[in-house]
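Comments concern the structure below.
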Amino acid sequence: ATTLGTAAAAKNRYFGTAVAAYKLSDSVYSGILNREFTSVTPENEMKWDATEPTQGTFTFTAADTIVNRAVANGQKVRGHALAWHSQQPAWAQNLSGTALRNAMVNHVTRVATHYQGKIDSWDVVNEAFADGSSGARRDSNLQRTGNDWIEVAFRAARAADPAAKLCYNDYNTDGINAKSTAVYNMVVDFKARGVPIDCVGFQSHFNPQSPLTADYQANLQRFADLGVDVQITELDIEGSGSAQADSFAAVTRACLAVTRCTGITVWGIRDTDSWRASGTPLLFDGNGNPKQAYTAVLTAL
Ligand code: XIL
């Protein structure tokens, strides 16, 4: 195969990227997007601050641009993210208790309903667990509405868009550690109690402070063994040259080795598209030329 998307498709997987609506008019950007990728994730356009800037008033214009373009091109869409402590509009940041809980449920319902039938997988809840060794939930305004906020969000998403796969998504859960084990225990509990959950997303933002670890595949596999799909949702790896290429290849091989790993999404196209302020963590350079890391992924697929 000659592209990431076709090579992944031959292994029954998708290969996706985060997309920013305002970059779609850049022909280099959209050319690579059309050629290489079979799934897209709106990078910011579906977040709470973007879709409900004023309570009860929904704006889907930018996200619709990405979704309609993807559907027209036969690309899957990962919806990102329905309930999250970050990138909330100011009005939500200022709510608490029942008012915030009701606002969250309404938000999940309205956004999932708007895109009903168009989304392959939703990140229903993003980043709800604390870093470090506690295994606790992250403190947030949503968490303070009650520990059941995550399952309430999943049930609302299922009711609004029954065909979409519903994912929990987080970072620093890529290896076997206290945080990923806490997420694992939540999935065990949800499965036991019939809370709808179909997939777990592993962001996989790797850098020298949080590197790819040797237990990456084993961690994906232990989640898959619970009966959920696993997806690599926001992959980027700081570095360059052969070391970076080797890490991208290792991630790719890990996904292919886990039957229920259904796809890989990189968090941007060119190094200059990355959310990282500096560095070169993606598969294409600033001119849109494929890097060594690109070739390594294509070879591994
Ligand atoms: C990032 C975007 O890439 C940036 O453009 C934005 O300024 C901040 O958010 N985890 C997530 C993503 O789930 O939504 C984040 O995206 C990166 C970390």
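The values are calculated or read from the model by the stated rules, or taken from the named source; none is laboratory data. Remember, predicted model here, so these are calculated numbers, not experimental data. Virtual Cβ from ideal backbone geometry, glycine too; neighbours counted across all protein chains shown. Keep in mind that these areas ignore ligands, DNA and RNA; they rest on the heavy atoms of the full protein, side chains included. Shrake-Rupley method; radii C 1.70, N 1.55, O 1.52, S 1.80 Å.
Some points to look at:
- Accessible surface for the range 157-196, divided over its residues, is 35 Å² per residue with a 1.4 Å probe.
- Global geometry of the range 130-174, whether rounded, prolate or oblate, following the gyration tensor of its Cα atoms and the 1.5 cut on a/c: oblate
- Working note: 222 nm ellipticity from helices only, DSSP H runs with n ≥ 4, each -39,500 (n - 2.57), summed and divided by the residues of the chain, gives -12000 deg cm²/dmol to the nearest 500.
- Counting only DSSP beta bridges whose two residues both lie in the chain, roughly 10 percent are antiparallel.
- Where both bridge residues fall in the range 1-125, DSSP classifies roughly 10% of the beta bridges as antiparallel.
- What a 1.4 Å probe finds exposed on the range 227-287 is 47% carbon and sulfur by accessible area, rounded to a whole percent.
- Cβ-Cβ distance of ALA99 and GLN292, R₀ of 41 Å, FRET efficiency by 1/(1 + (r/R0)^6): the value works out to about 0.20.
- Ligands, DNA and RNA left out, the accessible area of the range 52-102 computed with a 1.4 Å probe is 49% carbon and sulfur.
- Efficiency of FRET from Cβ geometry, ALA178 and ARG144, R₀ 22 Å, rounded to 0.05: 0.50
- At q = 0.07, 0.10, 0.11, 0.16 Å⁻¹, base-10 log of I(q)/I(0) for the chain (Debye sum, equal scatterers on each alpha carbon): -0.24, -0.50, -0.62, -1.36
- Full extension of the chain between SER210 and ASN185 gives 6.8 nm of extra length, using 0.36 nm per residue less the Cα-Cα distance.
- Pairs over the 27 Å Cα-Cα cut-off, from the set LYS165/LYS291; LYS179/LYS291; LYS118/LYS179; LYS118/LYS191: LYS165/LYS291; LYS179/LYS291; LYS118/LYS179.
- Computed over neighbours whose Cβ is under 14 Å from that of ASP131, the net charge equals -1, Lys and Arg +1, Asp and Glu -1.
- Taking 0.36 nm per residue of sequence separation and removing the Cα-Cα distance, the THR59/ALA72 pair yields an extension gain of 2.6 nm.
- Fraction of antiparallel bridges per DSSP, the range 73-203 only, in percent to nearest 5: 5 percent
- Stretched out straight at 0.36 nm per residue, the stretch from ALA257 to THR299 would grow longer than its current Cα-Cα span by 13.6 nm.
- Rounded accessible area per residue of the range 1-106, 1.4 Å, Å²: 40 Å²
- Take the Cα of TRP91, step 7 Å toward its Cβ, do the same at LEU24, and the gap between the two points is 2.6 nm.
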